[in-house]
Amino acid sequence: MIITKKMPYSEIKKKLKKSDRISILSCNSCARICNTGGGDNLNKLKTQLEKDGFEVCDALIVAVPCNSDMVKNERKNITGNVILCQACDAAVYNLKKDFPKKKVVPVIGSIGLGAFTEKGYISLVRKFK
């Protein structure tokens, strides 16, 4: 699995304009397990953005957005001109490749490879450089 960390909300806001039409795409796999993606984090980000006056057009949970086919399946559901990505760098890559005319903004960072211990905790196996 890929271990990720959240970007501070203040940093996310700096990358946006009030005129942006925002789509949020969130990973329901590794990022959800790391508490950086999934439904709860998607809804929290959506609520914060709307409270601050941003237009959120759509908010999607994708099972495994590092799988290009799963990202392509969401093509008709991503209507914003900016995509906020709550997923690893591989998902960001897929979004940029599949939506070249949209601005893709990663809102979490990939730290490294992780594995589950016998007790169910996540352990960092290899940190990315």
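Table for the structure above
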quantity: Which listed residue, of S68, S29, S110, is of a type in the set (S, T, Y) and more than 13 Å from the chain's Cα centre (by Cα); calculated: S68
quantity: Residues being among the small types (G, A, S) and either over 14 Å from I3 (Cα atoms) or out of contact with any helix residue (DSSP H, G or I) (no Cβ under 9 Å at 6 or more places or on another chain) (or both) - total across the stretch 97-123; calculated: 4
quantity: Of residues in the stretch 97-129 being in contact with a Cys (Cβ under 7 Å, 6 or more places away or on another chain) and not aliphatic (A, V, I, L, M), the one surrounded by the most Cβ atoms within 10 Å (Cβ to Cβ); calculated: P106
quantity: Filtered residue count, the stretch 71-91, keeping only those that are under 27 Å from S123 (Cα atoms) and either surrounded by fewer than 22 Cβ atoms within 10 Å (Cβ to Cβ) or modelled with pLDDT under 95 (or both); calculated: 2
quantity: Filter result (among the basic types (K, R) and in contact (Cβ under 8 Å) with a residue 40 or more places away in the chain) within the stretch 14-47; calculated: K15, R21
quantity: Residue within the stretch 46-59 that is in contact with a Cys (Cβ under 7 Å, 6 or more places away or on another chain), at negative phi and part of a helix (DSSP H, G or I) present; calculated: no
quantity: Wholly within the stretch 68-129, strands (runs of 3 or more DSSP E) carrying at least 3 residues that are closer than 18 Å to D58 by Cα; calculated: 82-86, 103-106
quantity: Condition met for N94 (surrounded by fewer than 20 Cβ atoms within 10 Å (Cβ to Cβ) and of a type outside the set (D, E)); calculated: no
quantity: Of all residues making up the stretch 9-42, the number that are surrounded by 18 or more Cβ atoms within 10 Å (Cβ to Cβ) and either outside any strand (DSSP E or B) or among the acidic types (D, E) (or both); calculated: 14
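The values are calculated or read from the model by the stated rules, or taken from the named source; none is laboratory data. On a predicted model such as this, the values are computed, not experimentally measured, just so you know. Glycine gets a Cβ as well: all are built from the backbone with ideal geometry, and neighbour counts include every protein chain shown.
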